[in-house]
Each structure stands twice: as C-alpha cells, then as structure tokens.
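Undergrad: One structure coming up, written as structure tokens, with questions to follow.
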Amino acid sequence: MTGKKGKIIMFPQTKERLMEEVFAALEAKRYKEALRFLRAAEQLGDHSFPVRLGLAVCCYELGDYDEAEWRLAALLDEQPNNSDLLQMYLAVLLQTNRYSKAETVIRAALRHPSLSASLREQLHQLLRFSEKMNARTLPPAEWKRVRRLLESGDIAEQLQLIKQLEKEDIEPVLPLLKQYLRAPEKSPMAKTMLLRLLTGKQVNETVTVEKFGRCMEVVPSALDEQTETEFASSLLGRLEQQLAAESPSLYETAADIWLRYAYVLYPFPPEPADAAAWLAALHWMASRFLGLDADATALADRYGVEAAEMETLCQNLYEIEELSSL
C-alpha cells in the first residue's frame, strides 16, 4: 500500500499487497511504478524468482541494461533451460552491442539437446548476426576519429568521446583504449571513466592501468567497484561521524573532496590505508576551502597523527582536486 509521495506504508501482509500492486503496474506497463514496488518487496526480504524476474524486466523496459543484464544472467544460471529467460538475456546483450558475449551465450545454449526446433533456428540466426557484427571492422575514418580525440590535449573532448562510446561497439577500437589506459601522461580522470566503460561493456581481456606512477593489471569484467572502493567508502562513513554534527557544510565539503579523490584514483586504493591521517587531511582541506581558520598542528593532534604526514596527504588531495576541476 502507498501513502503520500509514494512512500511504502508497512501494514500486515505488506508483501502480498506489494505484489498485487506490481502485477497491476506491469499489466498497465507502468514500469517505473512496478520497479518501485519490486524494490520495496526485495528490501522486505522477498528474493523469490518472480520478484527478481520482475526487476530484470522493469530494468530492461526502462533502459537500465546493465542491471537487467546481471539480473538475467543470475536467473539464467538458476534455470539454464528457460527459453524465455535466454531470449530476454540475448535481447539485452544485442541491445548493448555485446556481440562477443552474445555469441558465447548462444553457442552454449545450442549445446542443450532439449531446445525446440523453432528456438534452435532462431538461435542460429542470432549467432550468424553476432558473428557478422563481431567481424566488423571500424571504418578508417572512425578509427582515426577515436585516435585523434584520445590524443587531443582537450580533456573535455576525451571525456565526451568516452561518453559517446557507451552507445557503440568498442571492440574495434579496444587496442586504442587499452593503449590510453597504460600511457602515463594521459588523464587519470579520463582513465577512470574509460575503465568503468570497459567494465560496463564486460571486457574480459587484461588491461594495464597506470596512474600517478602506480601500475596495475586488471580484467574490467571482473572488477567489483564496491570491493575496490571499500576503504574509501568506510572512510566516508567515519568522516560523517567526525564532522556532520559539528558542521554539515564542513562535512559536505570534505566528503566532496574525498569522493573526487577516490574517483580519480580508481582502481587504485588510497595510500596509506591510515584512516586517521586521511580524516585529518580532509578536515584541514575542507576548512581551507571554506575560508575557516584551521591550525594544522592542532588538527594533527586531534586525530593523533603527525603534522608532516597530514600535510603530505593534503598535497595529494590538492593535486587531484586541480585535475578533477579541469
């Protein structure tokens, strides 16, 4: 049941009522409304197949293909012979130009002996289409466009290009993108955006990322952003405990600085993994940004860290702050 402003009101048999609302919304193709009810049902602990399938369908219909893809993949793992799930999953992969993955999924499905003749023929047609799309080469003019923009000194142009590539098949230009990630002189912020693009495209090749003199080999499809940013997230919580009650504006400024720092640094973790030192540095930086008097030695003492270490971290924060403002 819903109240004012669409808030879920907790009454007896809430789950049952929610599912009634879901079915009504789905039947009327009100997918945003259905999605809201389904998320509420999931939060109430309903992880049943219909709820998870409904979430996948709503995400697909609303254009959130990334969530639809991983949800359908999980459902298909549970029911590998479910032809409806298979067709929905392939529709998402083809909609998002993930032809290599679609080809892999189709080949695996064709090995199932229980497929109907009509579905088998449909899968063969999709396989031929996926193979054709995988064999495409980017026109020379397009290849040159990507190279020219990646080599441009204009960071805004580079970021715009990476944004445009979200809607395109990146397979033909993947070598250029990998080259950009390992070039030490290229924008760390653009590299973060590019790496997240490769993760979204489920690129399963090893790529080398170099930032700030640090080098790492990663497989984008295997990256879990929540895990990779665990220290940054936990520190954000501690920052809120330290500053939010004392000064909301100080906390918000410090949090913004930290989030930009973690974004530009990704997938590398902040070093050192010393929460107290980072808290002191962020407190001092935020105070300076707001024009507040802040004694570095007093702040270092408050957090139990060395003033010299705090100032070094402040310098790191300041450098990346400048980069992210370009």
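Undergrad: Among the numbered criteria (1) closer than 14 Å to Tyr318 by Cα; (2) of a type in the set (A, V, I, L, M); (3) surrounded by fewer than 20 Cβ atoms within 10 Å (Cβ to Cβ), which one does Leu265 miss?
TA: (3)
Undergrad: Filter the stretch 220-230 for residues that are outside any loop (DSSP other than H, G, I, E, B) and open to solvent by less than 50 Å² (accessible area, probe 1.4 Å) and give the result.
TA: To start, the set of residues in the stretch 220-230 that are outside any loop (DSSP other than H, G, I, E, B) comprises 220-222, 225-228, 230.
Matches in the stretch 220-230: Pro220, Ser221.
Undergrad: Scanning the stretch 23-38 for residues that are basic (Lys, Arg) and not in a helix (DSSP H, G or I), which turns out farthest from Leu94 (Cα to Cα)?
TA: That would be Arg30.
Undergrad: Would you be able to say whether some residue in the stretch 88-102 is under 30 Å from Lys132 (Cβ atoms), of a type outside the set (A, V, I, L, M, F, W, C), open to solvent by 60 Å² or more (accessible area, probe 1.4 Å) and out of contact with any Leu (no Cβ under 9 Å at 6 or more places or on another chain)?
TA: The answer is yes, given that some residue of the stretch 88-102 is under 30 Å from Lys132 (Cβ atoms), of a type outside the set (A, V, I, L, M, F, W, C), open to solvent by 60 Å² or more (accessible area, probe 1.4 Å) and out of contact with any Leu (no Cβ under 9 Å at 6 or more places or on another chain).
Undergrad: Please indicate, with yes or no, whether at least one residue in the stretch 39-59 is under 21 Å from Asp169 (Cα atoms), part of a helix (DSSP H, G or I) and among the polar types (S, T, N, Q).
TA: No, because not a single residue in the stretch 39-59 is under 21 Å from Asp169 (Cα atoms), part of a helix (DSSP H, G or I) and among the polar types (S, T, N, Q).
Undergrad: Right, something else. Given the structure, is Ser116 at pLDDT 80 or above, over 29 Å from the mean Cα position of the chain (by Cα) and open to solvent by less than 70 Å² (accessible area, probe 1.4 Å)? Walk me through it before giving the result.
TA: On the way: at pLDDT 80 or above: yes; over 29 Å from the mean Cα position of the chain (by Cα): yes; open to solvent by less than 70 Å² (accessible area, probe 1.4 Å): yes.
The answer is yes for Ser116.
Undergrad: Tell me, yes or no, whether the stretch 204-219 has at least one residue that is on the phi < 0 side of the Ramachandran plot, among the small types (Gly, Ala, Ser) and either open to solvent by less than 50 Å² (accessible area, probe 1.4 Å) or outside any helix (DSSP H, G or I) (or both).
TA: Residues of the stretch 204-219 that are on the phi < 0 side of the Ramachandran plot, as a first pass: 204-211, 214-219.
Restricting the remaining residues to those that are among the small types (Gly, Ala, Ser) gives none.
There is no residue in the stretch 204-219 that is on the phi < 0 side of the Ramachandran plot, among the small types (Gly, Ala, Ser) and either open to solvent by less than 50 Å² (accessible area, probe 1.4 Å) or outside any helix (DSSP H, G or I) (or both).
The values are calculated or read from the model by the stated rules, or taken from the named source; none is laboratory data. Please read all numbers here as calculations on a predicted model, not as lab measurements. Cβ atoms come from the backbone with ideal geometry, glycine included; neighbour counts cover every protein chain shown. Heavy atoms of the whole protein, side chains included, go into the accessibility calculation; ligands, DNA and RNA do not. Shrake-Rupley method; radii C 1.70, N 1.55, O 1.52, S 1.80 Å.
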